[in-house]
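The values are calculated or read from the model by the stated rules, or taken from the named source; none is laboratory data. From a predicted model like this one, the values you see are computed outputs, not experimental measurements. Methodologically, a virtual Cβ is constructed for each residue, glycine included, from the backbone with ideal geometry; neighbour enumeration extends over all protein chains shown. The area values use the complete protein model at the heavy-atom level, side chains included, leaving out ligands, DNA and RNA. Shrake-Rupley method; radii C 1.70, N 1.55, O 1.52, S 1.80 Å.
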Amino acid sequence: MCAVKHSGFDDYEHWIDAHCHLCNEPLSDNLQHELEAARRMNINTFISTALTRKEIDWHLANYCPEIKLVAGVHPFYEKSSSEDIPYLEKLCEEDILWGIGEIGFDNRKNNHKYQQNILSDQLELAQQYDLPVVFHVVRRFNELYQLLSKDFPEIKGYIHGFTGSPELVEMLSRLNIAFSLGHRILQQKDAADTIKRIIKNGLYLFETDAPFLPVMNKSTKENSMLCSLNHIVSEVSEVSGVKIDELLEGQWETFNAISKP
């Protein structure tokens, strides 16, 4: 069996992992086991990201109604290519994608003009097809805010793996952008203040970023990386003082608010 359920999870039907990469090893090698273990934890929706044509095609070949496919050209990942944007548009036309992502700005590469061009192209796709956007941002939150507020104020979506400050939460919340909370924010020195501000503003999701995350405990590692989600939500509950069932209800409301009608 998977890890023991925490109080508040057992009867809740709308558990969502807002960001994972099911096409990456070791998840892809043992997909059915991973999904079945997560389902035993009542995790029944997985927003999975593809960053290359090969990763997109893997998702298409391993279709599952519980997996919501997000695809995009990443600003930092070297295997992502702007040449895939026409393919993304085709998938949008065929109503295959749940969202566009993960896309955004990454300050670790000095190609800001290129990043802005591919981001704008993909935001136009998301806007045209009314799809949510999953944002990847590293130390360029102000630039993202300026671009969205000026050119794409109606874009909906969320910043995955958010680790910004309470002040950034207030700024980005003016755009009705949600925040996806995972392991990284819980390691921050000001985690409590930031998390409380996010929960108060009401647009939030929870993610594992599996398989790219530290495993929360031994029993989770032995069974399913996706089951780490319960530990993340439990820690957020402890830090914020908000009950688990209330957090999961808030996540479900956010998911419905940003999803294509």
Next item on the list: Scan the chain and report its longest stretch carrying no GluC sites (Glu not before Pro) that are both in a DSSP loop and have at most 10 other Cβ atoms within 10 Å.
Entry: 155-261
Notebook entry, point to check: Roughly how many Å² is the accessible area per residue of the chain, as a whole number, for a 1.4 Å probe?
Noted result: 45
Next item on the list: Provide the gained length on full extension for the span residue 32 to residue 174, in nm with one decimal, where the gain is 0.36 nm per separating residue minus the Cα-Cα distance.
Entry: 47.1 nm
Note to self: Regarding region 57-154, what's the average projected area of the Cα-atom convex hull, expressed in nm²?
What the structure shows: 6.4
Next item on the list: Mind jotting down the three principal axis lengths of region 13-79 based on Cα atoms? Whole angstrom, largest first.
Entry: 36, 21, 18
Checklist line | Value at 222 nm in deg cm²/dmol, rounded to 500, when DSSP H runs of n ≥ 4 in the chain each add -39,500 (n - 2.57) | finding: -13000 deg cm²/dmol
Next item on the list: Using every pair of alpha-carbon atoms in the chain, split the distances into 5 Å bins beginning at 0 and state the percent of pairs per bin, rounded to integers.
Entry: 1, 6, 14, 18, 20, 18, 13, 7, 2, 0
Check: What longest range of the chain stays clear of loop-exposed trypsin sites (Lys or Arg not before Pro) (DSSP non-H/G/I/E/B, at most 10 other C-beta within 10 angstrom)?
Finding: 109-188
Notebook entry, point to check: For labels at residue 260 and residue 113 in the simple 7 Å Cα→Cβ model, what's the distance in nm?
Noted result: 3.3
Margin query: Treating only the Cα positions of region 117-261 as identical point scatterers, give the base-10 log of I(q)/I(0) from the Debye formula at each q in 0.13 Å⁻¹.
Written below: -0.58
Check: With all protein chains present, how much of the accessible area of the chain (probe radius 1.4 Å) comes from carbon and sulfur, to the nearest whole percent?
Finding: 46
Note to self: Quick check: net charge around residue 108, other residues with Cβ under 13 Å of its Cβ, Lys/Arg +1 and Asp/Glu -1?
What the structure shows: +1
